[in-house]
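Before any comments, here is the structure.
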Amino acid sequence: MKPLNSTEALTLVKECITEIVPDADFTDVRPDDKFRDVLELDSLDFLTLVERLAARTGARIDEDDYPELTTLADTVRFLVARTGQGVR
């Protein structure tokens, strides 16, 4: 697992969301907005996002971690911390 910095993590999150919702428009999503609401991701979309983030980073993401994946800023912090620690 390669440690991610904030820029890499944000790019990865946006790429994964765009794969799920191709017309996702991030111009209206501020770092502390609940991106699921702004981008209208349903629960299946969110689970797909979690699976893709886990697969692309090698980081383990459990259901208990979902509250940390609410905003772009929170998700970036989570991925940076999780990949930096090497926790699987």
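Laboratory data are not the source of any read-out in this text; all were calculated from the coordinates shown. The model shown is predicted, which means the values in this text are computed figures rather than measured ones. With ideal geometry, Cβ positions are generated from the backbone for all residues, glycine too; neighbour counts draw on all protein chains shown.
What the table shows:
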{"quantity": "Nonlocal amide H pairs with Leu4, under 5 Å, H built at 1.01 Å", "calculated": "Thr83, Gly84"}
{"quantity": "Within-11-Å neighbourhood charge of Thr48 [Cβ basis; K, R +1; D, E -1]", "calculated": "-3"}
{"quantity": "Surrounding net charge for Ala81, when Lys and Arg each add one and Asp and Glu each subtract one, Cβ distance under 12 Å", "calculated": "-1"}
{"quantity": "In Hz, Karplus ³J(HN,Hα) per residue of the range 57-62 (6.51, -1.76, 1.60; θ = phi - 60°; x = Gly, Pro)", "calculated": "9, x, 7, 7, 10, 9"}
{"quantity": "Mean separation of Cα contacts under 8 Å (6+ apart) over length of the range 8-88, as relative contact order %", "calculated": "36 percent"}
{"quantity": "In sequence order, calculated HN-Hα J values of the range 32-47 (Karplus, 6.51, -1.76, 1.60; Hz; x Gly/Pro)", "calculated": "9, 6, 6, 4, 4, 6, 5, 8, 6, 7, 7, 5, 5, 4, 5, 4"}
{"quantity": "Inter-label distance, nm, simple model (7 Å from Cα along the C-beta direction), Glu15/Leu44", "calculated": "2.6 nm"}
{"quantity": "Label of the coordinate-derived value, semi-axes √(5λ) of the Cα gyration tensor in Å, listed as (i) 35, 11, 8; (ii) 37, 12, 8; (iii) 20, 13, 12", "calculated": "(iii)"}
{"quantity": "Of Phe46, Val76, Ala59, farthest towards positive along the dipole that unit charges on Lys, Arg, Asp, Glu beta carbons give the chain", "calculated": "Ala59"}
{"quantity": "Cβ-placed point charges (K, R +1; D, E -1), dipole of the chain about Cα centre in debye, nearest 20", "calculated": "580 debye"}
